[in-house]
1. Gain in length, T62 to F6, computed as 0.36 nm per residue apart minus the alpha-carbon separation, to one decimal in nm?
2. For the stretch 30-37, what does the Karplus curve 6.51 cos²θ - 1.76 cosθ + 1.60, with θ = phi - 60°, yield as ³J(HN,Hα) per residue in whole Hz, taken in order and with x for Gly and Pro?
3. Considering every Cα-Cα pair within the chain, what fraction, in whole percent, is farther apart than 15 Å?
4. What is the extension gain from A42 to I70, computed as 0.36 nm multiplied by their sequence separation minus the C-alpha to C-alpha distance, in nm to one decimal?
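Nothing in this text is a laboratory measurement; each read-out follows from the coordinates by a stated rule. If you're wondering where the values come from, they're calculated on a predicted model, not measured in any experiment.
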Amino acid sequence: MIVMFFVNLIKGLLIGAISLLSSITLPTQMISALSTITGYGAYVVGGDLLLIVSSAIGFWLTAKLTVGLILFVWRLMPFT
């Protein structure tokens, strides 16, 4: 009974996510403009430096979001 609840919950979330993705359109012009700007940036400062900076920013954002999510869940727990 408890397992079926979680299976139905996950199934409902997946069906909702798939239906949401079908209704959202990607802004292709904005994506192409961003790729053009990134290409110019790689030409000006070099691809290696751009890769290092963007990976450092991406890692830092991921680390902060992970810690924030863990703290959010931790504060929701009843025994804390």
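1. Full extension of this stretch gives 17.4 nm more.
2. 5, 5, 5, 5, 5, 5, 5, 5
3. 78 percent
4. Residue separation times 0.36 nm, minus the Cα-Cα distance, leaves 6.6 nm.
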